[in-house]
Each structure stands twice: as C-alpha cells, then as structure tokens.
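Every number here is computed from the coordinates shown, using simple stated rules; none is lab data. Quick caveat: nothing in here was measured; it's all calculated off a predicted structure. Here Cβ is always computed from backbone atoms with ideal geometry, including for glycine, and neighbour counts include all displayed protein chains.
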Amino acid sequence: MAFNEYDPLTRVLVRPARVGFAGPDQVAAEWRALNFTAPPDVDIAAAQHAAFAALLESAGADVETLGGPGLTLDSIYVRDASIVTPRGVVLCRMGKPTRQDEPAAQRRLFDVFGLPIAGAIDAPGLIEGGDVVWFDQKTVAVGRGYRTNDAGIAQLRGLLGGGIEVVVVPLPHYRGPADVFHLMSILSPVAEDLAVVYSPLMPVPFREWLVDRGLRFVEVPDAEFESMGTNVLAVGPRRVVMLSGNPVTRARLEAEGVEVWTYDGSEISLKGGGGPTCLTRPLARG
C-alpha cells in the first residue's frame, strides 16, 4: 500500500484519456461546465496519456487502468476519488458535484483487484484525494478547503482509527470554489527530507510543521506555479515525473540530486488543471 508520497511506485491506477475523453461530442458538451480552460484535443490527449503511462511503466510501476463509460472528463484525474490507507481504501465524496460517480466506479475495480475497502465518506462530508498527503504510515496531512470539509476530515479520522496523526491544513480562498485547488497544488514530497512547495500560498503553521519534520524545500517560482510546477509525482526517492515547461523548478530539483522525467501535458494536464499526481492513484509503494 502507499503510505508516503515518495517510496518507489510499484502499482498505480490511471484512466486513459481515450476512455475519459470519450470523443469530441463529450468534450464539446462538458469542458466549459467542468472549468477546463479550453476543449482538449481527443487524439492528442490520448497520445499524451499513453506516453505518460509508458513513462510510469519505465520507472518500474505496474499500471492499472480504470475503464468504462458514464464519467466526465475529470475522471482522468483518478487520485481524487479514493484514498489508500493502512486499513484499506477510503472512497471519497467529491467536493466537485459533477464528479460524484467516480468513487463508485473505482470501487468496482478495487473489488476486482481484491483491495480491501475501509469505508466511504457520506454526506455532509466532502473529501478529495488531492487534499491528502501521507508522510509516513502514522502521519497524514489533509487540506481543508472547498473540496474537503470538516465533516469529511472527521469521517476520515474515524476510518483511520487511532494511532495516526491527522494534520489539518487550512487552505486559502485563492481563486474561489470553482478553481482546482488542493493541498497538493502547493506541496509535493519527493523524498523523506525534501518537498516541492509554493510558499506564497502555504499556511505558516504548516510550513513550520514541515520544517520541524526536517524537510527542505524546492521553491517554485510564481510563473511556474501557474504551469503546475508544484505538482510533481515521485516514482521513488529523488526520482520524479513532472509536467514539461517548468525549467526553473526542474533545475532546482536537479541541483538537489533529483532525477527528473518530464511529459507533455498540454491536453491532459494544463487544460483540466491536473498534473501528474492528479493523473495517478498510487496503490502500492515500496
């Protein structure tokens, strides 16, 4: 199971863009309502996602795929619908109402895999996987924002049981409830002692907590926050996949001894606001 964000990624779930972006008609019908910045090109998106999945495989991960119709364009961002915990998978209740069918779709696949289900978040609780960051088996941070509320965090605590520290991180309003903003929008751990961060939007108490844990920071410049330079997927300690077009952040990572692979995400990341962590639901690390 995956109880930190940086051990070697061995099993991961994705939803291919060829399935998630079923065709031009679905794209035309949904992209504005889902707050995509522009309609993605289906063929280019499919090729980009296939290359992204191949990159994960080359890094050593077994890549599982979520198929099936009936979900929106947002369903390619598979991290958000579930949380992997020491007690099993927690099925989320999405803060974006149009994504409400995704947890059940993932559950059907997890049942096929034989993965234990620890439980599900119920109304009025809301929680999305992009707001949940594991640091070790007994420590998890959860962003409290527009996609994750107090009731959802309380239910997650109950499903985790005792012995796990849940650090609640109040998130800023930033661009409001319609924006794609999670805790992982400003933080990506890439090793036990190193994280990629965007400090201008990071709450001071949480930043101090990270420093007290011994983390050092790769700071993302303002211009590259907009191109998701902070959204970095570790496939192992100091081995990462990130969106191309963030040269300053990449150089700063490499200066810290981090091996960096990049992918082209013009259609699958930039238009929908979901970087490599969003495109993946890690199922096992180690």
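Counting only C-alpha contacts under 8 Å and six or more residues apart, can you give the relative contact order of region 9-285 as a whole percent?
Working: 549 pairs, mean separation 58.4, N = 277.
Once normalised by length, the contact order is 21 percent.
Only the Cβ atoms of Lys and Arg (+1) and of Asp and Glu (-1) were treated as charged; on that basis the dipole of region 173-266 about its Cα centre amounts to roughly 100 debye.
With only alpha-carbon pairs counted, each pair once and no self-pairs, how large is the Kirkwood hydrodynamic radius of region 38-166 in angstroms?
Working: mean 1/r = 0.0633 Å⁻¹.
Final number for the Kirkwood radius of region 38-166 is 15.8 Å.
Modelled label positions at Gln137 and Glu226, each set 7 Å beyond Cα in the direction of Cβ, lie 4.5 nm from each other. The ranking of His49, His182, His173 from fewest to most other beta carbons within 10 Å of each one's beta carbon is His173, His49, His182.
Based on the Kirkwood approach, the hydrodynamic radius assigned to the chain is 18.6 Å, with every pair of different Cα atoms included. Separation of region 157-188 from region 61-136 is 16 Å, based on Cα centroids. Could you compute the FRET efficiency for Leu201 and Ser266, with r as their C-beta to C-beta distance and R0 at 30 Å, rounded to 0.05? Step by step, r from the Cβ atoms, then E = 0.80.
Note on the chain: antiparallel DSSP beta bridges, both residues inside, total approximately 50 percent of the bridges counted. Highest mean first, the peptides 61-69, 98-106, 6-14 sorted by other C-beta atoms within 10 Å per residue fall in the order 6-14, 98-106, 61-69. By definition, a body whose alpha carbon gyration tensor gives a ≥ b ≥ c is oblate when a/c is 1.5 or more and a/b is not larger than b/c, and region 133-255 fits this oblate description.
Taking a point 7 Å from the Cα of Val168 along the Cα-to-Cβ direction, the residues of region 105-127 with backbone N closer than 13 Å to it are 126.
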